[in-house]
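Chemist: Before I ask anything, here is the structure I am working with.
The values are calculated or read from the model by the stated rules, or taken from the named source; none is laboratory data. For clarity, every value in this text was computed on a predicted model and none was experimentally measured. Here the Cβ positions follow ideal geometry from the backbone for every residue, glycine too, while neighbour counts run over all protein chains shown. With ligands, DNA and RNA removed, areas are computed over all heavy atoms of the protein, side chains included. Shrake-Rupley method; radii C 1.70, N 1.55, O 1.52, S 1.80 Å.
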Amino acid sequence: MKDYILSLDQGTTSSRCIIFDKKNNIVSVAQKEFTQIFPNDGWVEHNPYDIYFSQVDVAREAMQKANISPSEIDAIGITNQRETVIVWDRATGEPICNAIVWQCRRTAHMCDSLKAAGYTDMIRRKTGLVIDSYFSATKIKWILENVEGAREKAECGELMFGTVDSWLIYKLSGGQAHVTDVSNASRTMLFNINTLKWDEELLSLFGVPRSMMPEVLPSSGIFAHTDSSVFGLPIPIAGVAGDQQAALFGQCCYAKGDVKNTYGTGGFMLMNTGDKPIFSDNGLVTTVGWKIGDKVTYVLEGSVFICGAAIQWLRDGIGLIESAYETEALSLSVPNTGGVYFVPAFVGLGAPYWDAYARGAIFGITRGTSRAHIVRAAVEAMALQTYDVIKLMEKEIGTEIDSLRVDGGATANNFLLSFQSDILGKPIVRPECIETTALGAAAFAGLATGFYPSLEHIKQNTGINRVFEPSITAVQRDAKLGMWHKAVERSQNWI
Ligand code: ADP
């Protein structure tokens, strides 16, 4: 048995590599940003080779930094930006165009037509998703319709499609494997999450030939071996999952009802719903968490569009702060927001409001309002929006959660987590290792090779950094929530 797992965390703006030892300690980290391509308004692309080479570079760098040789790596885990589409030529392995990134809105009109044609229910029943240009299906259709010769080649079986995990494995294996895992497949809008198979009806609706699709494997197991030319010797790729699902696993949310929230640019809340999918009528997304052996775990997912991004706006948009770090001390410099409420509906409101016409607003300003009050209101808004999504999730599953596990950049802010606990009336648990996404991928890989003997072993080695307990009364909580919901209502239907 070798000593380390190499976790490749392929994100939207950077590729990272983290090396873990058996006790889940981080032994080495390397990170590299790559170019974002914006060819048109609302369009986002990546060069597939930037994705691949930055990922291989950081893997080599992480090993070098810690003086670890590839022969000491037991297995590789991969976690990745989800939904992003790459199409390449089967004969040459060359992409036929840039990757279309999940954020890209170029296919929004296709989604409008699908909704108008009445496909919403069928697509939700089969895929668990709402019709949206984020998901892969319309992006593949766009490529087949707009890249010269693509449609003909695809019909002749000459093209391959993959999400970023597939592309990385294809390249790392020297073109030997065309595979993906269930969690990534479930974000394509072409995968039936009930049968766990590519869905013929959806493939034909989007005009995607079956021959383009990768083989779908469980999240933990041998996907391929790296070609010797990459690291000097073959290493098994043994765990793969989309970033949010990997984070849920890295948070040890193995049991039904376990839930985590990531406070990044946006907010992503995922709840383990056990071995049955729960379909939401309120705009939460149902997706596959992971599959280990024959056992599938489903997840309910809700997102907050603007979370840490509101703090970025305070810094870059209006210059109220110099760094995100300041927001904790500023928030604590006042006893409360002085009646100020900040609704960061910069791009409308998602779950549970679903109002594309809402816009950001700050309410309750008086002559006594200070910078600290506004900053505190922005931090509180991250927690208040999270509260609204949790309540919706609880409604969908019919029970209350026990506690909330958290990660993401903004969880450095103790005031935020303490306020979150107050508002929710539940403990908030911050783990020691906040690299939960990379840890999740490592865990999938290590379980497959025996590096980690069991889920229990992983859990025992995943320490808790701090638990935040609620400290306000129900009356105080209700008063705060009442004012927040009043503010949200007033921001709605604005444009
Ligand atoms: P992403 O992965 O989405 O880029 P991160 O998990 O790195 O995001 O988190 C960065 C976000 O967290 C930024 O939007 C930033 O404004 C916010 N953030 C970082 N530190 C703090 C802090 N101490 N308090 C509040 N927000 C913070």
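Chemist: Rounded to the nearest angstrom and ordered from largest down, what semi-axes does the equivalent ellipsoid of region 290-353 get from its C-alpha gyration tensor (root of 5λ)?
Modeler: Ellipsoid semi-axes (Å, largest first): 34, 16, 13.
Chemist: At R0 = 41 Å, how high is the FRET efficiency between ARG125 and LEU332 if r is their beta carbon distance? Nearest 0.05 is fine.
Modeler: It comes out at approximately 0.30.
Chemist: Okay, next question. So for the chain, what percent of the C-alpha to C-alpha distances run longer than 37 Å?
Modeler: Here the tail beyond 37 Å accounts for 27 percent of pairs.
Chemist: Something else: For region 101-179, count all C-alpha to C-alpha pairs, find those more than 15 Å apart, and express that count as a whole percent of the total.
Modeler: Result: 65 percent of Cα pairs exceed 15 Å.
Chemist: Probe radius 1.4 Å, ligands and nucleic acids ignored: give me the carbon and sulfur share of the accessible area of the chain as a rounded percent. Let's see the in-between values first.
Modeler: Working: 9660 of 19170 Å².
Ligands and nucleic acids excluded, carbon and sulfur give 50 percent.
Chemist: Give the lysines whose C-alpha is closer than 22 Å to that of LYS32, dropping any in the same chain fewer than 8 places away, or say none.
Modeler: Candidates past the 8-residue exclusion: LYS65, LYS171.
Chemist: While we're looking at this one, here's another question. Using Cα-Cα distances under 8 Å and only pairs 6 or more residues apart, what relative contact order does the chain have, in percent?
Modeler: The normalised contact order for the chain reaches 15 percent.
Chemist: Modelling each spin label as a point 7 Å along the Cα-to-Cβ direction, I'd like the ASP112/SER14 distance in nm, to one decimal.
Modeler: 3.7
Chemist: Run the simple label-point estimate for LYS65 and ASN25 please: 7 Å along Cα→C-beta, distance reported in nm.
Modeler: Label at LYS65, label at ASN25, 1.6 nm between them.
Chemist: So how far, in whole Å, is the C-alpha centre of region 4-21 from the one of region 442-495?
Modeler: 23
Chemist: Can you give the FRET efficiency to the nearest 0.05 for THR92 and ASP294, using r as the Cβ-Cβ distance and R₀ = 35 Å?
Modeler: 0.40
Chemist: Same structure, new question: So what J values fall out for region 226-233 if you push phi through Karplus, 6.51 cos²θ - 1.76 cosθ + 1.60 with θ = phi - 60°, rounded to Hz, Gly and Pro as x?
Modeler: Karplus values, whole Hz, x for Gly and Pro: 5, 5, 4, 5, 7, 10, x, 7.
Chemist: Still on this structure, please answer the following. Relative contact order, percent, of region 178-232 when contacts are C-alpha pairs under 8 Å separated by at least 6 residues?
Modeler: Numbers: 41 pairs, mean separation 23.0, N = 55.
Once divided by the residue count of region 178-232, the mean separation gives 42 percent.
Chemist: If you average the alpha carbon positions of region 156-204 and of region 247-263, how far apart do those two centres end up, in angstrom?
Modeler: Between the Cα centre of region 156-204 and that of region 247-263, the gap is 25 Å.
Chemist: Between ASN414 and VAL475, what is 0.36 nm times their sequence separation minus the Cα-Cα distance? Round to one decimal in nm.
Modeler: Working it through step by step, the gained length comes to 19.7 nm.
Chemist: Using the alpha-carbon atoms, what tilt in degrees (0 to 90, nearest 10) does helix 414-424 show relative to the longest principal axis of the chain?
Modeler: 80
Chemist: Applying 1/(1 + (r/R0)^6) with R0 = 51 Å to the Cβ-Cβ distance of VAL467 and GLN176, what FRET efficiency is obtained, to the nearest 0.05?
Modeler: With a Förster radius of 51 Å, E is 0.65.
Chemist: Got the relative contact order for region 113-201 handy, in percent, Cα pairs under 8 Å and 6 or more residues apart? If you can, show how the numbers build up before the last one.
Modeler: Values: 73 pairs, mean separation 26.4, N = 89.
With pairs under 8 Å counted, the relative contact order is 30 percent.
Chemist: Using Cα centres only, tell me the gap between region 103-130 and region 346-396 in whole Å.
Modeler: Value for the Cα centre distance between the two parts: 27 Å.
Chemist: Give me the mean projected area, in nm² to one decimal, of the convex hull enclosing the Cα positions of region 151-289.
Modeler: If you wrap the Cα atoms of region 151-289 in a convex hull and average its projections, you get 10.3 nm².
Chemist: Provide the three semi-axes, in whole Å and in decreasing order, of the ellipsoid equivalent to region 4-244 as defined by the square roots of 5 times the Cα gyration tensor eigenvalues.
Modeler: Equivalent-ellipsoid dimensions as semi-axes: 31, 18, 17 Å.
Chemist: Further question on the same structure: For region 263-412, state the semi-axes of the equivalent ellipsoid (square roots of 5 times the eigenvalues of the alpha-carbon gyration tensor), sorted largest first and rounded to whole angstrom.
Modeler: Numbers: eigenvalues 212, 51, 36 Å².
They are 33, 16, 13 Å, listed largest first.
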